[in-house]
Amino acid sequence: MALLQIAEPGMSTEPHQHRLAVGIDLGTTNSLVATVRNSIAVCLADDTGRAMLPSIVRYRADGSVDVGLAAAKAQATDPKNTIVSVKRFMGRGLKDVAHVETMPYDFEDSPGMVRLRTIQGVKSPVEVSAEILRALRERAEASLGGTLTGAVITVPAYFDEAQRQATKDAARLAGLEVLRLLNEPTAAAVAYGLDNAAEGVYAVYDLGGGTFDLSILKLTRGVFEVLSTNGDAALGGDDFDHRLFCWMLDQAAIDPPSSEDGRRLQIKAREAKELLTSCEEAPIHVKLGSGEVVDLVVTRDQFAEMTRHLVQKTLGPVRKALRDAGLAPEDIKGVVMVGGATRMPHIQRAVAEYFGQEPLTNLDPDKVVALGAAMQANALVGNRAADEDDWLLLDVIPLSLGLETMGGLVEKVVPRNATLPIARAQEFTTFKDGQTAMAFHVVQGERELVADCRSLARFELRGIPPMVAGAARIRVTFQVDADGLLSVSAREMSSGVEASVLVKPSYGLSDDEIAGMLKAGVERAEDDMLARALREQQVEADRVIEATEQALASDGHLLDAGERAQIDAAIDTLRKLRDGKDHRALKTGIETLARETDEFAARRMDNSIRAALAGQKIDEIQV
Amino acid sequence: MGVTLSASAAKHVAGFIAKRGKGVGIRLGVKTSGCSGMAYKLEFVDETQDEDLVFDSHGVKVIIDPKSLPYLEGTELDFVREGLNEGFKFNNPNVKDQCGCGESFNV
């Protein structure tokens, strides 16, 4: 028998037409599922009352699969088949995964995405994530008493197309209809923004177990827009535990601990850290394998002091994100705290100090992302009254999208931080006479040269009618949907021939690389400018040389030996300059060749007119 | 007679209204659809209509439109848990038969 929930006024559904929708926070360490029930967003707990599902999957020899706590227990005994933090492998190649050598897994590098060899065969990260999603779907269906209509799944704002696509694939594999992928900070803002009906510019400070993300969001009239994002892919709550762990080793003069003792001490460090959130001091009592007892007390001030540099480290990305958004700390109307690590009082204090205001902490920082996703899911399936749900979400492109043009240069089509969904079109043309095909190379990044950006996809447009160079008009349209998935199409305007590609990219850009690419884009701006100027001149030189040689081949007889030698010499000079580094000298060389061939060009022109007019009477020539 | 809430239902309704931040009570009603004739309606109420009947049960206002009342007379709304699922259940003495899911019924 179905149990009923209270609907919004006028929003009762027909029987058997419940639109059950959930929000899922598919986290690196823990995952959650939430829904809006009786108009209130709640996280759904398992039968033991736990809302957080450890993102751990264990493949067992008997063919069964454990997910969550049961899998976590086997982490030490069966590390090879117990996959933790699979999110780090989503949409990544082996070379993108940091610290592969310290991981217990049996990796298999395969095109696109790394795979893991387990006792149940080779598994892709998509399959492993699907197990987590399936567990959450089953929990939700048991809790809501029916099949789910759809889910909103959150992803980090910096996730690239490959990682987003991998997340969607995992959801489909788990039998979930994805209503939308939502950026994690945006979800957090939804949870707070809607509850408090707030407007203005907000910062979302998300310190998770292993990663730090800072996003600047603008909320106006119910519309959310991500202005900028920044972060540190290798900074999280675990680093605070580790700092305390090192302090404990130091104090107790243990060096180095056995792996068993190390694990015990690490667990104690985490417990002590959590206790310090509510208490001024935490006792640490550990009995080591040797029978020796470690008995310490750490105070809140000591802990704050030993981890102060970590807190400071989070403020760098904060400053950069603000700068990207063109804002100062005082422009921020509120700061949303996300992630269990933000419970630490000295972090809240540092954030309060930097922004000059107390951060928002009234929602559970572990759950806020899932709650926001649930609210979004609820709105997307149409469970909210129309008058109050005229809001939609706008996210941004983390890195610019563009095309490779002649000479390995990047033409940016969609700029970084453009809001989603977006469609941008730009016209390109052919480079050679009679060119009937064109290759497109879609890249992502901030640099001017293709080699410094990330390759996303390649495709070809064929069947362009033969025309002189520069006459064809090829319109290339970039479209990024609300989930951040990219499709690129090219259309030759006169004939209508078309080609397109849905970017299922050659996976493989790490967070560090994204951060690195952004940084390099700024630091190398001048190098890039020079490199671009040189490449442009080189492309022009190639074009001029080719055109001149073609003309010499067809109309060389118009020149006497002396003239011919002069032009040949100018071409030789230009060839040498072309392979040099000086774009100004190259430009001069191109101009020289153009001057040397002026007379030749004039003669060719006369010659062809004479040929066209030969044998015709004056009155037969149409002007 | 009228319509009542069980103590558990009243407690949950009051809690939901408080968290929702607005609402004067809940509306119980029926509409003609569903696989077995009539279907229940359960909604928050922000504004009562002139013709509405209002009952008080454990301090929670239960609002019913007069057309629905004959079908609901004597009903008690309960809040129950079944495994992980939880929600409201109509205990309606007027019901002759209902579909397996309990969302619709005949009188």
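Every number in this text was worked out from the coordinates using simple rules, so none of it is lab data. Small disclaimer: the values here were computed from a predicted structure and weren't measured. Cβ placement follows ideal geometry from the backbone for every residue including glycine, while neighbour counts extend to all protein chains displayed.
When a/c is below 1.5 the answer is rounded, else prolate if a/b is larger than b/c, else oblate, so apply that to the stretch A:526-613 with a ≥ b ≥ c taken from the square roots of the Cα gyration tensor eigenvalues.
Cα axes put the stretch A:526-613 in the prolate bin.
Tell me the angle of helix A:511-523 to the major Cα principal axis of chain A, expressed in degrees between 0 and 90 and rounded to the nearest ten.
In chain A, helix A:511-523 runs at an angle near 50 degrees to the longest axis.
For a 21 Å ceiling on Cα separation, which of these pairs sit above it: B:LYS31/B:LYS89; A:LYS320/A:LYS367; B:LYS19/B:LYS61?
Cα-Cα > 21 Å for A:LYS320/A:LYS367; rest within.
Please rank B:THR48, A:THR211, fewest neighbouring Cβ atoms within 10 Å first, as an exposure proxy.
B:THR48, A:THR211
Could you tell me whether the stretch A:441-493 comes out rounded, prolate or oblate from its Cα gyration tensor? Rule is a ≥ b ≥ c as square roots of the eigenvalues, rounded for a/c under 1.5, then prolate if a/b exceeds b/c, otherwise oblate.
The shape class here is oblate.
Between A:ASP47 and A:GLU498, what is the label-point separation in nm under the 7 Å Cα-to-beta-carbon projection?
5.3 nm
Looking at the P(r) of the protein assembly as shown, how many percent of alpha-carbon pairs lie beyond 45 Å?
Everything past 45 Å amounts to 40 percent.
Pop out the ³J(HN,Hα) list for the stretch A:364-381 in order, Karplus 6.51 cos²θ - 1.76 cosθ + 1.60 with θ = phi - 60°, rounded to Hz; leave Gly and Pro as x.
After applying 6.51 cos²θ - 1.76 cosθ + 1.60, I find 4, x, 6, 9, 4, 5, 5, 5, x, 5, 5, 5, 5, 4, 4, 5, 5, 8 Hz.
Quick query: amide H of A:VAL201 versus all other amide H atoms, modeled in the peptide plane; which residues come in under 5 Å with a sequence gap of 5 or more or a different chain?
Hits under the 5 Å cutoff: A:LEU219, A:LYS333.
If I take every Cα pair under 8 Å that is 6 or more residues apart in chain A, average their sequence separation and divide by the length, what percent do I get for the relative contact order?
The normalised contact order for chain A reaches 13 percent.
For a quick check: sort A:VAL410, A:VAL190 by the number of other beta carbons within 10 angstrom, fewest at the front.
A:VAL410, A:VAL190
For A:138-146, what's the mean count of beta carbons from other chains sitting within 10 Å of each residue's beta carbon?
3
Between A:ARG604 and A:GLN120, what length comes free when the chain is fully extended (0.36 nm per residue of separation minus the Cα-Cα distance, one decimal in nm)?
Net length gain for the segment: 166.8 nm.
Amide H of A:GLU108 versus every other amide H placed in the peptide plane: which residues, excluding those fewer than 5 positions away on the same chain, fall under 5 Å?
Counting only residues 5 or more places away or on other chains, the set is A:ARG115, A:LEU116, A:ARG117.
Order the peptides A:541-548, A:23-30, A:127-134 from the highest to the lowest mean number of other Cβ atoms within 10 Å of their residues.
By packing density, highest mean first, the sequence is A:23-30, A:127-134, A:541-548.
How shielded is A:37-46 by partner chains, expressed as the average number of their Cβ atoms within 10 Å of its Cβ atoms?
That works out to 4 on average.
Please give the helix A:583-596 orientation as an angle from the longest Cα principal axis of chain A, in degrees from 0 to 90, rounded to the nearest 10.
It is inclined by approximately 20 degrees.
To check you understand DSSP bridge types, tell me what percent of the beta bridges within chain A (both residues inside) are antiparallel, rounded to 5.
Among the beta bridges of chain A, antiparallel pairing accounts for roughly 80 percent.
What is the percent of Cα-Cα separations in the stretch A:20-176 that go past 20 Å?
48 percent
By how many degrees, between 0 and 90 and to the nearest 10, does the Cα long axis of helix A:345-355 differ from the longest principal axis of chain A?
Tilt of helix A:345-355: around 40 degrees.
Let me know the mean shielding of A:556-562 by other chains, meaning the per-residue number of their Cβ atoms within 10 Å of its Cβ.
Counting other chains' Cβ atoms within 10 Å and averaging over A:556-562 gives 0.
Hey, for a label at A:SER259 modelled as a point 7 Å past Cα toward Cβ, could you say which residues of the stretch A:61-75 have their backbone N under 13 Å away?
A:75
A:SER554 versus B:LYS67, label points 7 Å from Cα toward the beta carbon: distance in nm?
Output for this residue pair reads 8.3 nm.
Dipole magnitude of the protein assembly as shown about its Cα centre, charges +1 at Lys/Arg Cβ and -1 at Asp/Glu Cβ only, in debye to the nearest 20?
With Lys and Arg at +1 and Asp and Glu at -1, about 700 debye.
With θ taken as phi - 60° and the coefficients 6.51, -1.76 and 1.60, list the Karplus ³J(HN,Hα) couplings across the stretch A:66-76 in order, rounded to whole Hz; mark glycine and proline as x.
Calculated HN-Hα couplings, in order: 9, 10, x, 4, 4, 5, 4, 5, 8, 3, 7 Hz.
Which length gain, in nm to one decimal place, applies between A:GLU427 and A:ASP250 when the Cα-Cα distance is subtracted from 0.36 nm times their residue separation?
57.3 nm
Put +1 on the Cβ of each Lys and Arg and -1 on the Cβ of each Asp and Glu in the protein assembly as shown; which of B:VAL3, A:VAL65, A:SER258 then has its Cα farthest toward the positive end of the dipole?
A:VAL65
Using θ = phi - 60° and the Karplus relation 6.51 cos²θ - 1.76 cosθ + 1.60, list the HN-Hα couplings for the stretch A:91-97 in order, rounded to whole Hz, with x at every Gly or Pro.
Whole-Hz 3J(HN,Hα) from phi for the stretch A:91-97: x, 10, x, 4, 6, 8, 8.
If amide H atoms are built 1.01 Å from N in the plane of the peptide, which residues on other chains or at least 5 residues away come under 5 Å of the amide H of A:ALA2?
Hits under the 5 Å cutoff: B:GLY102, B:GLU103.
Which three extents, in angstrom, do the Cα atoms of the stretch A:218-276 have along their principal axes, listed largest first?
57, 23, 18
Neighbouring Cβ atoms within 10 Å as the yardstick, rank A:CYS453, A:CYS43, A:CYS279 fewest first.
A:CYS279, A:CYS43, A:CYS453
Looking at the stretch A:108-225, what % of the alpha carbon pairs are farther apart than 21 Å?
In whole percent, the long-distance tail amounts to 52.
FRET efficiency for B:VAL80 and B:LEU53, Cβ-Cβ distance as r, R0 = 25 Å, nearest 0.05?
Computed FRET efficiency for B:VAL80 and B:LEU53 comes out at 0.50.
List the trypsin sites (Lys or Arg not before Pro) within the stretch A:553-619 that fall in a DSSP loop (any state other than H, G, I, E or B) and whose Cβ has at most 12 other Cβ atoms within 10 Å.
A:LYS581, A:LYS617
Take the Cβ-Cβ distance between A:THR436 and A:ARG575 as r, set R0 to 30 Å, and report the resulting FRET efficiency rounded to the nearest 0.05.
0.60
Take A:GLU305 and A:THR147, extend 7 Å from each Cα along the Cα→Cβ direction, and tell me the distance between the two endpoints in nm.
6.2 nm
Using 1/(1 + (r/R0)^6) with R0 = 22 angstrom and r between the beta carbons of A:GLN75 and A:GLU138, what's the FRET efficiency to the nearest 0.05?
Computed FRET efficiency for A:GLN75 and A:GLU138 comes out at 0.50.
To check you understand DSSP bridge types, tell me what percent of the beta bridges within the stretch A:98-249 (both residues inside) are antiparallel, rounded to 5.
Of all bridge pairs located within the stretch A:98-249, approximately 80 percent are antiparallel.
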